[in-house]
Each structure stands twice: as C-alpha cells, then as structure tokens.
Amino acid sequence: MIRKILLGVSLAAVSACSMAPKYVQPELPVPPSWPTGDAYLRQSEATLPSVTYRDIFRDPRLQSIIAQALANNRDLRVAAANIESSRAQYRIQRAELFPEIGTTANFQRRDNGSGGVITNTGTGTGTGTGTGTIDPTTGGTGTGTGNTGTNLTTGSGARSSFSVNVGITAFEVDLFGRIRSLTTAAQNRYFATEATARATRLTLVGDIATAWLTYASDQSLLRIAQETAASAQRSVSLTKMRLDGGVAPRTDLAQALIVLQTAQSDLATQTTLVAQDVNALQLLVGAPVDPALLPKSIEEVAPTIAELPAGLNSTILLRRPDVLEAEYELRATNAEIGAARAALFPRISLTALAGLASTSLSSLFTGGAFNYSVSPSANYSIFQAGAARAGVAQTRAQRDAALATYEKAIQTAFSEVADGLARRGTIDRQLAAQIALSAAATDNYRLSDARYRGGIDTFLQSLDAQRSLYSAQRTLVTTRLTGATNLVTLYRVLGGDSLLDPTANGPRPVAEQATSGVTPTIR
C-alpha cells in the first residue's frame, strides 16, 4: 500500500503542468555590429576568443597580485557566501516538490490502580438424615450433604500497547505547477547570484590592473617632477650667480623660482599619490602587497597589456556577467507568473498514514496489526476580492520591469564597448603625436638652454622651453596610461574571462552546470 501511495504521488508530481509563459529570448535592443568610422578600429575577428586574464595582463608581477586578490578580497568572499545562500534557498524550494515522509514508534503501558473484581455466585440447599445419641452435656450431632456456591475473580491492573507508523503529512500535489514554477524562479535567481559573483570578480581584476598601471604612471610623474625640480634648482643657482655678478636681472631669478616651486609642489603631490596607490592596491588585494611586485614606470609596463579583439557581432555582449544576471532575473520573474496563475486554482493536498499496532510486541509485525489511512483534500478560496488575479498582474508587471532592466543592461554594455573602441581607435595616433611632441620639446629646451648660456637668447625663452618640456613629458605619461587602461577597459566591458563554455549554444554560466551539488567557484 505504501508503494502504491508513493507511486501515485510521484506520477502526480511528474505529470504536473506549468502555467508559466514560454520564455522567449528577447531580441538585442542594439545594432547587430559595432559602430564604424574614423574613430574606430577595423575589426577583422569574427568571434571573441576564450581568454583568461593571464592572456591580457602578461606581466608576471601583475598576475601574481591578481592571484593574491582572488584569494583574499573580501568582496569575493561576500559574493561566495551569497552564492551559498542562494543555492541553499533553491534547494529548500525544490524540496517542496517531494513528499515529506516521517516515522514514529510508540510504546505505552497503562495501569489503572485496581487489583481486580471478585464476584460470588451460587446457591445451595441441603437435606440429610442421620443417627445420633443424646448426650446430656453436648446434645446431639448429625451429618448431611447439599449444594455449595463458588467464587470467580476477574480483572487486571496493567496493559501494554505497541505501534509503528510511517506517514506523509500534507503533501501538495502540484497539478498546476505552482511549486515547480517557484522552484524554477529560485533556480534562476541562484544562477543570477553566481553571475553577480563573476561580475564582481571581473570588476576586481580590472580595478587591480588599473590601480597597478596608475601606480606606474604616478611613479613616472614622480620621476619627472624630481628631474624638473633638480633642473630648476640648477637654474636658480645659476641665475642667482648671474644676478650677484650684475649680469642677469632680478626678474630672471623670480621666474626661475616659479619653475622650481611648481616642480617641488608637483613632487609633493606625486609622493602622496604613490603612497595612496599602494593603499588602494592593498585594499583591493585584501592583504599587503610585496613592493617587489610594483612597477617602476608606465613606460615599462604599458607594452605588457595585450589587446582583446571585440569581434564583429554585438551578440558577444550576452557573455557579460551583468547581462547574464539580468537575463536570469527575467527568467525568474517569468516563472513567477506561472506560480501566480496556479494560485487561481485549488490546492490539492494528500495526507497518508500506514502503521502497525498491537498489544503484544510478539504480534506487532503480523498481518492483523497493519492499518493505513489516506486523506486527500482540496482547498480553494471562493472569495478573495481579486487578490489572486492581482497577484498575476503584479508578476506580469515585475516581468516587464525585468525585461526593461535586461534590455538596459545590454544597451549599457553596447555603449561601454563602443566608447572603448572609439578610444582604442584613436589612442595610437595620439600617443605617436605625443611622443613626437615630447621629443621636440626636449630638443627645444636643450637648444634654448645652450643659447641662453651662450648669451644669445634671454632667460625667458629658456624657461618657456623648460615649461613646455615639463608639460609635454607629463602629458605623454598620461597618454600612455590612457592607452593601457583602455585595454583594461575593453577586457572588462567585453566580459573578459567570463568562465563560459565556449562550445555552448548561448550563455551557460558555471552555476547552471552545478545544480547537482557542486558549488561554483568564482576564483
């Protein structure tokens, strides 16, 4: 009988229909290809290759820092805990698809405190004849026979009972797919949480690379400020000597001091920024950073950042973790419509109990001790003042909002990639022009300084040349940083190493392959 009950419950669960709308992949609300024009590079790659951050960030020192951050960063730990929580919530919801089976065993001994009841029954009559003598003292004696009564004692003071029961308590037969729809929603939110964690990981890797490059840039600017301050100090000393000798006017000394104080101010600023860059890196890493892993200059490390090709098709945006998160939230809200629709129909529950009961342990497992009961029930609210239909309308509105959020995520991703490609398409020309400008400024300052020292040009021309050189050198460092961080930006906005299966048809995050009990990793 228990087998029949469980078989019926299983068949009811399997045959449950879903009232959720069929999910249809929304069309991309962006152009099918990237923008073209003078500001953009010509893309020749048809697909985006599967890469890791080690393929893009090729300096071993940066790779070591990123690996350290993936092991220690607190945001990633929070994301991992959120994955565990969401996974547990999915398993809790999924458990409602199956009956809850419990068992109880009971032994009872009862004593009513009475020793028994005595009942006397019977009647008797007798007749007799006899002979005797007459004794003057005792009188006469005689013998006779007759019927006599009997005593019957019944009753007991203690009794024992044994029982074993197995039962299903209030199991909802999911004929209309309400529980299955809620399970699907919980599963998709679990996938969305895993995608959020991967987005956190991707952002962390990009932020560390940017902070590392910023440190290198500030080191270069610090070096330029130190060299300019030293050069300005020599100019001040020379000008003061010329002033003391009556050769140079006091205005030359004042102008030389302006250049010196400007360089010294920048020197103090850059010293502060370098220290703050280290603090920012340590916060991202979640642990102290070995100074040996820090770069010396932007000129040294900018060439170590590789380019990630964008491809021709904008559908690669579906690989981005934030877009996947929005899509799985859309899938979850779509499933919740099915649960709301199922709430319009009766809920059918089943309670079943099967067990053994006997007053003797030796006869507990005999056929006569078996008993069972099955109690199906249906629950339906006749009047709810439209609450159930309002629930359907609410879930539909939430689905529409999730759809708009999903489309906005794709549009944002497209805009970020387009901006990155626009910057990438022009940065090489800007960098080449800035390198030529810095070289020309260096040559101009060398010639102007020599002409000043030879008495051909005024000191003002030499100072202007020095200011131009200082500005050109700083701008060149900034341009190198812009070019390197642009590659980091393209890595991030294109989804980077998004941990997707490159052979899959469409987006398949790690969590979708891990619902059988394997916790997805975000490291």
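The values are calculated or read from the model by the stated rules, or taken from the named source; none is laboratory data. Since the model is a prediction, treat every value here as computed from it, not as a measurement. As a convention, Cβ positions derive from the backbone with ideal geometry for all residues, glycine included, and neighbour counts pool all protein chains shown. We work out accessible area using only protein heavy atoms, side chains counted, and drop any ligands, DNA or RNA first. Shrake-Rupley method; radii C 1.70, N 1.55, O 1.52, S 1.80 Å.
Every residue, every condition in (1) more than 18 Å from Ala225 (Cα to Cα); (2) open to solvent by less than 60 Å² (accessible area, probe 1.4 Å); (3) touching a residue at least 60 places away in the same chain (Cβ under 8 Å), yes or no:
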site: Ala413; (1), (2), (3): yes, yes, yes
site: Val417; (1), (2), (3): yes, yes, yes
site: Ala422; (1), (2), (3): yes, yes, yes
site: Tyr445; (1), (2), (3): no, yes, no
site: Tyr452; (1), (2), (3): yes, yes, no
site: Gln461; (1), (2), (3): yes, no, no
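Within the stretch 231-267, the set of residues being within 15 Å of Arg453 (Cα to Cα), modelled with pLDDT of 80 or more and either open to solvent by 70 Å² or more (accessible area, probe 1.4 Å) or not in a helix (DSSP H, G or I) (or both) comprises Arg234, Lys240, Met241. Taking each residue of the stretch 63-75 that is free of Cβ contacts under 8 Å to residues at least 60 places away in the same chain and looking for partners that are surrounded by 16 or more Cβ atoms within 10 Å (Cβ to Cβ) and not small (Gly, Ala, Ser) with beta-carbon atoms closer than 7 Å, six or more apart or interchain, yields Gln63/Phe57. Evaluation of Ala465 against the conditions (1) small (Gly, Ala, Ser); (2) open to solvent by 30 Å² or more (accessible area, probe 1.4 Å); (3) closer than 24 Å to Leu222 by Cβ shows that the sole unmet condition is (2).
Kindly establish whether Pro288 is free of Cβ contacts under 8 Å to residues at least 60 places away in the same chain, open to solvent by 40 Å² or more (accessible area, probe 1.4 Å) and assigned to a loop (DSSP other than H, G, I, E, B). Criteria met by Pro288.
Tally the residues that are surrounded by 14 or more Cβ atoms within 10 Å (Cβ to Cβ) and modelled with pLDDT under 75, restricting the search to the stretch 19-38. Counting residues in the stretch 19-38 that are surrounded by 14 or more Cβ atoms within 10 Å (Cβ to Cβ) and modelled with pLDDT under 75 gives 2. Number of residues in the stretch 43-73 that are modelled with pLDDT under 90, surrounded by fewer than 19 Cβ atoms within 10 Å (Cβ to Cβ) and touching a helix residue (DSSP H, G or I) at 6+ places or on another chain (Cβ under 9 Å) equals 4. Quick test for you: out of Ala439, Ala402, pick the one residue that is touching a residue at least 60 places away in the same chain (Cβ under 8 Å) and farther than 23 Å from Ala256 by Cβ. On inspection, the qualifying residue turns out to be Ala402.
Of the strands (runs of 3 or more DSSP E) lying entirely inside the stretch 117-214, the ones with 2 or more residues being open to solvent by 40 Å² or more (accessible area, probe 1.4 Å) and modelled with pLDDT of 70 or more are found at 158-173.
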